[in-house]
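Structure first, commentary second.
Here, each number is a calculation from the coordinates, and none is a lab measurement. This structure is a prediction, so every number in the text was calculated from the model and none was measured. Here Cβ is always computed from backbone atoms with ideal geometry, including for glycine, and neighbour counts include all displayed protein chains.
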Amino acid sequence: MTALDDRRTRGLLAAAILVLLVVVAQGLGSLYPISRFEMYAAAVVDGASRIGVRDAAGRLREVELYDAWSCDAPIDGLARRCVGDDVRGLDYLDDAAERHILAHPGEGAEAVALVRRIWRFTGDDAAPAVDECEIARCRVDLARDAPSSIALDMLPSEAPR
């Protein structure tokens, strides 16, 4: 057998294995380590969102930067608030925000709004339209170790380096 035949045989074998993996993945569905990655095949929505804190100065900041939470509305179920068929949140981040608030109760001194920041995509190259939905009015304290310069509404070019 020549070197050319050996390379051709290895190439055909690799192609056959790849085709077999694709066929098996389609037949089995999401069975590790063969998967169709259905988490990426979710319905396309026209918007995305994040839960944040709008402070008195108008900055939108991360929930985790605050302690001593007391709010005028129940915090349970944050992931289901201000979302719909056209907007979805990131459940794991919404859940983390809810857990943080519930784990840090208190009587904070600063009045803030707990909001869902919503970006609506138009499908062209234009910047997304931005909207906010207020979830609750709260009183909080800025955590002692919180950085003062990070805000959720910054553009990447405005972020500190």
Residues with amide H under 5 Å from that of ALA143, placed H, sequence gap 5 or more: TYR66, ASP67
Tally Lys/Arg at +1 and Asp/Glu at -1 over every other residue whose Cβ is under 10 Å from the Cβ of PRO147; what's the total? -1
Chymotrypsin sites (Phe, Trp or Tyr not before Pro) within segment 91-124: DSSP coil, no more than 16 neighbouring Cβ in 10 Å: PHE121
